[in-house]
1. Any idea which of Thr71, Thr57 is within 14 Å of the ligand (Cβ to nearest atom) and polar (S, T, N, Q)?
2. Just one of the numbered conditions (1) under 27 Å from Lys42 (Cα atoms); (2) away from the ligand (no atom under 14 Å from the Cβ) is not true of His170; which one?
3. I'm trying to understand the selection: among the residues of the stretch 200-226, which are basic (Lys, Arg) and away from the ligand (no atom under 14 Å from the Cβ)?
4. Does Lys197 satisfy the criteria of being away from the ligand (no atom under 16 Å from the Cβ) and assigned to a loop (DSSP other than H, G, I, E, B)?
5. Consider Ile191 against the criteria (1) away from the ligand (no atom under 11 Å from the Cβ); (2) over 15 Å from Leu21 (Cα atoms); (3) touching a residue at least 12 places away in the same chain (Cβ under 8 Å): it satisfies all of them except one. Which criterion is unmet?
6. Could you check how many residues of the stretch 76-123 are hydrophobic (A, V, I, L, M, F, W, C), surrounded by 16 or more Cβ atoms within 10 Å (Cβ to Cβ) and over 16 Å from Leu54 (Cα atoms)?
7. Is it true that some residue in the stretch 191-208 is surrounded by fewer than 24 Cβ atoms within 10 Å (Cβ to Cβ) and under 20 Å from Met73 (Cβ atoms)?
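Values in this text are rule-based calculations from the coordinates and carry no lab data. Since this is a predicted model, take the numbers as computed values, not measurements. Cβ coordinates were reconstructed from backbone atoms using ideal geometry, including for glycine residues, and neighbour counts include every protein chain displayed.
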Amino acid sequence: MDWGLKNRISQIIKPYDNRALMLAVDHGYFLGPTEKLENPKKVIAPLLKYCDSLMVTRGIQRTSVPATTDTPMVLRVSGGSSIIGEDLSQEDITVSIQDAIRLNASALAMSIFVGSKYEHQTIVNLGKLVSKAERYGIPVLAVTAVGKELGKDERYLSLACRIAAEQGAHIVKTYYCDNFEKVVQSCPVPIIVAGGKKIPERDALQLTYDSIKGGAVGVDMGRNIWQSEHPVAMIRAVRSIVHGNSNVDQAYDFYKKLVSEGPKKKNKSEKPNQTKSEKPNPPKK
Ligand code: 5RP
C-alpha cells in the first residue's frame with residue numbers, strides 16, 4: 001500500500017485503536033431534505049468535532065462544512081437516482097477524481113446494489129473507481145446498499161461485502177445482522193456498520209456495541225444521531241463505545257447525564273471536552 005493510501009485510511013480508521021466513528025450526512029443525495037437534516041450546516045456544526053470523519057456529498061461539503069475543519073471528509077461520489085424515481089439502484093459515478101482532490105477527500109464512497117437490476121453497472125463502477133482512486137492514493141469505501149427487494153441477512157450481506165472487497169474496496173460499509181461475525185470473517189477489508197432508520201437511543205447504542213463486538217471497526221451513523229432529540233449527547237455516547245470501550249449501560253448512562261446537564265456554553269477555542277469514557281485507549285505496546 002502506498003504511503004498516501006495508508007495515511008488517508010489512518011485518518012478514517014484511527015490507528016491508536018483501529019476504530020472509526022463516521023458521521024453520515026449524505027442522505028440528501030437521493031432523499032432530498034431528509035427530516036432533521038433540512039439545514040445541514042446547523043446539523044453538522046456541533047457534531048463535527050466528535051466524529052473521526054464525515055460522510056458527505058460535495059454540494060454539502062462546499063456549502064455547509066467549514067473549510068478550516070481538520071475532520072477528514074469521506075466524499076460520496078455516486079448518485080443519479082431519487083426516492084421518487086424509477087429505480088434507486090441506477091447509480092453512476094457523479095464526481096471526478098480531480099474534484100475529489102480539490103475537496104481534499106480522505107476517501108471516496110459509492111454504493112453497490114448487489115442483486116438489483118443495476119447490479120452490473122454499480123459493481124463495474126466500483127472496480128473502475130478503485131483503479132482511478134488508487135492512482136492518487138485515495139481509498140474507496142463501498143456501501144452495500146439494501147433495498148426493499150434486497151436482503152439484510154448474513155448470506156446477502158456476506159455476498160455483497162465480499163464482492164465489494166474483491167473489486168478492491170479498501171473499506172466496506174454494510175448493515176448489522178444476526179451472525180454478523182460471519183460477514184466480517186469472510187470480508188478481507190475493514191467493515192463499518194451503517195446506523196439505519198431512527199430507533200430509540202439505547203437500541204442504537206446496542207447496535208453500536210454489537211457491531212464492534214462482532215468485528216466491525218466502527219459505525220457510520222446518521223439518522224440515529226441527528227434525528228435524536230439530543231444529537232451531541234448521542235454522538236458522544238456512541239463515541240464512548242467506539243473509542244472508549246463503554247458497554248451499553250455505561251454509554252446510555254453517559255447519554256442521559258449529558259442530556260440532564262444540557263448544552264454547554266460556547267467557547268470557540270475549546271477542544272472537544274472528552275470524558276474518560278470517550279478517550280481513546282492508549283496505543284498498544
Ligand atoms: C445513505 C448512506 C448513509 O450514509 C448510511 O445509510 C448511514 O446513515 P444512517 O445511519 O442514517 O443509515 O449511505 O445512502
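1. None of the other options fit; the residue is Thr57.
2. For His170, the failing item is (1).
3. The answer is Arg202, Lys213.
4. no
5. Ile191 satisfies every listed condition except (2).
6. So the count comes out to 8.
7. Yes, the conditions are met somewhere in the stretch 191-208.
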